[in-house]
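First the structure, in the form of structure tokens, and then the observations on it.
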Amino acid sequence: MDFWRKLIFVSIISSLFFQSGSILVLAETGEDIQQINDEIAARKVKIDQINSKINDYQAKIKQAESQQISLSNEIEILDNHEAQTELEIQLTNEEISTTDSEIKLTENSIAESQETLDRQAEIMASILREIRVADRVSVVEWFFGTESFSDLFGRIEDLETINSDLSNSLEQTKETKISLQTHKQEQENHLLTLESLQKDLADKIELLGNQKEAKTVLIAETAQSEANFQSLLNELLAEEQYVNRQIANLQYGIEQKLKDGDSAGDSSALSWPVYPERGLSATFHDPTYPFRYLFEHPGIDIPVSVGTPIKSVAPGYVAWVKEGTQYGYYVLVIHANGIATLYAHLSKILVEPDQFMARGEAVGLSGGRPGMPGAGLSTGPHLHFEVRKDGIPTNPMNYLVAY
């Protein structure tokens, strides 16, 4: 760019700077933004207080679990779990509100960054338009349009400063773009956190319902009598020992029968006994299982409406159909490779002992509603499903194929 073109350029840039005042002008923080920040701070204090109360209930639960198993202790544990879950629901609601507020702040930052970026782009576009116009103006026209030589040389002296300011403005534009990208990523992360918290809230509300129902079932089964509770506990332990012992005794004979009939099939991958439309309400050795203080949860629970057909997960023979205190109506099927499966809380059994089962054939209809025939020790309609390897309970999720 020659000397006179530089002078024209200086004139244009000076004019634009005087008009705009500054290329980078951030929006002022309003009172509403300060209010949101104050709300976030207050919620974080409340979250800390709730966490402290949750820790207190956890200590109470641990203390009760260290004492001798009794009805009063079990009810106390369930009460404390219920209170803890109610606090966790309250905690999650506070975290959701905090995340909502953080999203609002991020949206405001995005709007400010975008506004700044648009303003910078508009000024840069104006500069380019003016330069194009200046290209068409002759040096003579521009020179004689200058009011005085002092004005002319004053602009020449400001040339380096103006060029430096323009360079800074271009750099600020780049920084604004980076800031905008950062804010958008923050918002996406906040939204993911919000979705996770909302799912966690739904799970905790369902858990609270199960805990309340568990206490109701326990009180109904024992009639609030310690003697009845100890009798129930003995029945549960006896049933568990019987199942473990009998599976080990039956496994070899039935497996040999499968091989002799050439109908063993593949038991390394198990089909689902019922479609898990609502996921699982309890997992293997679930730490949130309401009766975990009495016994570990030896399978998975699949919420399903009463009367839904329950299918055999692999080829096998029915070892027995029984009714127990814990399992209610239940069916045991033995497969090849040391695998046995158990289907509990059925409302109706559709098979008989020693019957061969093809994969996908119905063993019974689901149940589990408290008080109905075959429900056993259940807090709501669901299928309790177990996988035993050489008689020992194992995690069914290690065998079930993707649905």
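The values are calculated or read from the model by the stated rules, or taken from the named source; none is laboratory data. Quick caveat: nothing in here was measured; it's all calculated off a predicted structure. In this analysis, Cβ positions are derived from the backbone assuming ideal geometry, glycine residues included, and neighbour counts consider all displayed protein chains.
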Counted residues in the range 284-335 being more than 31 Å from the chain's Cα centre (by Cα) and of a type outside the set (S, T, N, Q) come to 19
Scope the range 292-306; condition surrounded by fewer than 19 Cβ atoms within 10 Å (Cβ to Cβ) and within 27 Å of GLN230 (Cα to Cα); matching residues: ARG292, TYR293, LEU294, PHE295, GLU296
What are the pairs with Cβ atoms under 7 angstrom where one residue, in the range 53-74, is more than 16 Å from LEU218 (Cβ to Cβ) and the other, located anywhere, is surrounded by 15 or more Cβ atoms within 10 Å (Cβ to Cβ) and among the small types (Gly, Ala, Ser)? Sequence gap at least six, or different chains. TYR57/ALA83
Just need a number here: residues in the range 317-365 that are in a loop (DSSP other than H, G, I, E, B), hydroxyl-bearing (Ser, Thr, Tyr) and in contact with a strand residue (DSSP E or B) (Cβ under 8 Å, 6 or more places away or on another chain). 1
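Condition check ((1) outside any helix (DSSP H, G or I); (2) over 30 Å from LEU91 (Cα atoms); (3) at pLDDT below 85) across all residues:
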position	(1), (2), (3)
ILE162	no, yes, yes
ASP165	no, yes, yes
ASN168	no, yes, yes
LYS177	no, yes, yes
HIS183	no, no, yes
LEU192	no, no, no
GLN198	no, no, no
LEU201	no, no, no
Of ALA223, ALA214, ALA227, the only residue that is modelled with pLDDT of 90 or more and at positive phi is ALA223
Identify the single condition in (1) of a type outside the set (S, T, N, Q); (2) farther than 20 Å from PHE385 by Cβ; (3) surrounded by 16 or more Cβ atoms within 10 Å (Cβ to Cβ) that ARG245 does not satisfy, given that it satisfies every other one. (3)
